[in-house]
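J.: Sharing a structure here in structure tokens format.
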Amino acid sequence: MRTVDLIRKKRGGGSLTAGELSFLIEGYCQGDIPDYQMSAWAMAVFFRGMTAEETAELTLAMARSGDQVDLSSIRGIKVDKHSTGGVGDKTTLIVAPLVAACGIPVAKMSGRGLGHTGGTIDKLESMAGFRTELSREQFFAQVNDIGIAVIGQSGNITPADKKLYALRDVTATVESIPLIASSVMSKKIAAGADAIVLDVKTGSGAFMKSLEESEALAAAMVEIGSQVGRQTAALISDMDQPLGYAIGNALEVEEAIAVLQGQGPRDLLELCLALSAHMVVLGGQADNLEAAEKLLRAKLESGAALEKFRAFVAAQGGDPAVADNPGLLSKAPEIINVTAQQDGFVQQIDAEQLGLAAMLLGAGRAAKEDEIDHAVGLMLKRKVGDSVKTGDTIAQLHARDRSPSVSEVAQRVLAAYTIGGQDQPTRKPLLLSVVTSDGIKRSEA
Ligand code: URA
């Protein structure tokens, strides 16, 4: 087999076989196929696309390229959740203990944040003492013991995806639906999930800016799941503005705890309930979504979900008292108000800009090796549809100091808000579409 022939075949619109895709992925990982040939192939895929079978075979070849976690020693159906990355997305902190309280084993590997999006592992580490590195044995034992463990990605999961993603990043081939779908699903499959619930974000703060593109990506991932025998459902949720009000690690943990306490922002609760309901159905703990939601609400109201969070924090070395007293989380020394310069309604919020603003305060990383400051971030005081008067605080910066660079961040936050008009803008639903193997179902407007 010659790589040049496979590139030519794809360039001409042909489909590669499972054997040909394995040859490419294995050869690339071993260094036998150079970057220039792999980028030519990725560009051919970008223009020609891939069939569903090809996408599934590529996914499996990437999943096989490194460690494959065997979760079979954990009892029950393991349902994983994945978000394509948003601003203020702290859903895992709520969903994981909530579904664990319903009897779904949560054996989750999560990532760190990069750029304008945050990562669950950084958020968890804002609780003093919380350990995100456990040995495989400790990880399995904790899930069998208390039903939940969340750790950072360890070992050598999907090295082919790491290498290919880095190459795509510099060859303008990231934005290809089969390549994104296989990249995401290969990691989930290698991490051992029996079933997968995807939270695909759409809008200004997301990777996919339009609903149609997001649905196409979701459908491609659900199709991979069907092809490889892992039931998959995808929810498409709005990321035209941040989720909830908090952006930044300790601030987001505090907001997640508020939801588990039965308080917290409605949009965040709504999305967590929707994601969790799909997980509970796929995990066999309810027959349908209505029954699942009823069970989930009962676990929130009884305090069982918060109790699961306490057990989870304690098991991984944190102080469980944080669940009742988020004041124990680290706090930034300075709080700086950003105030409206005119009257009107908040028409739009540029989520990506707010994510970048939080990153500039130190809550996120511009480069992989950057250190982050868990205490800093943003608390929004107004969201789309809210009315404001000149001088009202629309957001607060939680900052380390009051340096000129922090003032620049305040300007950036102000610029991310579009305020004006006499008429209240119509609020878009948060949940826009659900994609399952039965097809795409849009929410009613
Ligand atoms: N996220 C991934 O994991 N892979 C992609 O290709 C794009 C986004």
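J.: Out of 206, 181, which single residue is in a loop (DSSP other than H, G, I, E, B), touching a helix residue (DSSP H, G or I) at 6+ places or on another chain (Cβ under 8 Å) and within 11 Å of the ligand (Cβ to nearest atom)?
T.: Result of the check over 206, 181: 206.
J.: If you don't mind, another one. Please give the helices (runs of 4 or more DSSP H) falling wholly within region 48-147 in which 1 or more residues are under 27 Å from residue 206 (Cβ atoms).
T.: Output list reads 52-63, 91-101, 120-124.
J.: Looking at (1) away from the ligand (no atom under 16 Å from the Cβ); (2) among the aliphatic types (A, V, I, L, M); (3) surrounded by 21 or more Cβ atoms within 10 Å (Cβ to Cβ); (4) under 21 Å from residue 76 (Cα atoms), which one does residue 109 not meet, given that it meets all the others?
T.: Status for residue 109: all satisfied but (1).
J.: Within region 184-193, how many residues are more than 10 Å from the ligand (Cβ to nearest atom) and either touching a Cys at 6+ places or on another chain (Cβ under 8 Å) or not aliphatic (A, V, I, L, M) (or both)?
T.: Counting residues in region 184-193 that are more than 10 Å from the ligand (Cβ to nearest atom) and either touching a Cys at 6+ places or on another chain (Cβ under 8 Å) or not aliphatic (A, V, I, L, M) (or both) gives 1.
J.: I'd like the full set of residues that are more than 21 Å from residue 199 (Cα to Cα), assigned to a loop (DSSP other than H, G, I, E, B) and either among the β-branched types (Val, Ile, Thr) or near the ligand (Cβ under 8 Å from one of its atoms) (or both), limited to region 159-178.
T.: 170, 171, 173
J.: Here's another thing I want to ask about it. Considering each of 341, 348 in turn, give the residue that is modelled with pLDDT of 95 or more and either assigned to a helix (DSSP H, G or I) or not hydroxyl-bearing (Ser, Thr, Tyr) (or both).
T.: Numbers: 348 fails: modelled with pLDDT of 95 or more.
None of the other options fit; the residue is 341.
J.: Further question on the same structure: All but one of (1) open to solvent by 20 Å² or more (accessible area, probe 1.4 Å); (2) within 16 Å of the ligand (Cβ to nearest atom) hold for residue 141, so report the exception by its number.
T.: (2)
J.: If you don't mind, another one. In region 385-402, which residues are open to solvent by less than 30 Å² (accessible area, probe 1.4 Å) and either touching a Lys or Arg at 6+ places or on another chain (Cβ under 8 Å) or not in a strand (DSSP E or B) (or both)?
T.: Once the filter is applied, which keeps residues that are open to solvent by less than 30 Å² (accessible area, probe 1.4 Å) and either touching a Lys or Arg at 6+ places or on another chain (Cβ under 8 Å) or not in a strand (DSSP E or B) (or both), region 385-402 yields 385, 388, 394, 395, 398.
J.: Among the residues of region 209-231, write down those that are more than 14 Å from the ligand (Cβ to nearest atom), hydrophobic (A, V, I, L, M, F, W, C) and within 25 Å of residue 268 (Cβ to Cβ).
T.: Matches in region 209-231: 211, 222.
J.: Scan region 141-150 and give yes if some residue there is assigned by TED's automatic domain parsing to the domain that holds residue 199, at pLDDT 95 or above, in contact with a Phe, Trp or Tyr (Cβ under 7 Å, 6 or more places away or on another chain) and of a type in the set (Gly, Ala, Ser), otherwise no.
T.: There is at least one residue in region 141-150 that is assigned by TED's automatic domain parsing to the domain that holds residue 199, at pLDDT 95 or above, in contact with a Phe, Trp or Tyr (Cβ under 7 Å, 6 or more places away or on another chain) and of a type in the set (Gly, Ala, Ser).
J.: I'd like to verify a number: residues in region 151-208 that are among the charged types (D, E, K, R), closer than 22 Å to residue 124 by Cα and open to solvent by 20 Å² or more (accessible area, probe 1.4 Å), how many?
T.: 1
J.: Can you tell me which condition residue 121 does not meet? The list is (1) over 13 Å from residue 82 (Cβ atoms); (2) modelled with pLDDT of 95 or more; (3) open to solvent by less than 10 Å² (accessible area, probe 1.4 Å), and all the others hold.
T.: Failing condition for residue 121: (2).
J.: Further question on the same structure: I'm checking my understanding of the structure. Among residues of region 76-95 that are away from the ligand (no atom under 16 Å from the Cβ) and within 19 Å of residue 231 (Cβ to Cβ), which one is nearest to the chain's Cα centre (by Cα)?
T.: Among those that are away from the ligand (no atom under 16 Å from the Cβ) and within 19 Å of residue 231 (Cβ to Cβ), it is 95.
J.: May I pose another question? Condition test on residue 131, is it open to solvent by 30 Å² or more (accessible area, probe 1.4 Å), over 22 Å from residue 261 (Cβ atoms) and within 16 Å of the ligand (Cβ to nearest atom)?
T.: Judged against the criteria, residue 131 is not a match.
J.: List the residue pairs whose Cβ atoms are under 7 Å apart, where the first residue sits in region 119-140 and is within 22 Å of residue 364 (Cβ to Cβ), the second is assigned to a loop (DSSP other than H, G, I, E, B) and polar (S, T, N, Q), and the two are 6 or more positions apart or on different chains.
T.: Hits for this filter: 121/132; 124/132; 125/132; 126/330; 130/316; 131/316; 133/154.
J.: Quickly run through region 241-278 and pick out the residues that are in a helix (DSSP H, G or I) and open to solvent by 10 Å² or more (accessible area, probe 1.4 Å).
T.: Within region 241-278, the subset in a helix (DSSP H, G or I) is 249-260, 266-278.
Selection gives 251, 254, 255, 258, 266, 267, 269, 270, 274, 278.
The values are calculated or read from the model by the stated rules, or taken from the named source; none is laboratory data. The model shown is predicted, which means the values in this text are computed figures rather than measured ones. For neighbour counting, all protein chains shown are included, and Cβ atoms are generated from backbone atoms with ideal geometry for every residue, glycine included. Just so you know, the surface numbers come from the protein's heavy atoms only, side chains and all, with ligands and any DNA or RNA stripped out. Shrake-Rupley method; radii C 1.70, N 1.55, O 1.52, S 1.80 Å.
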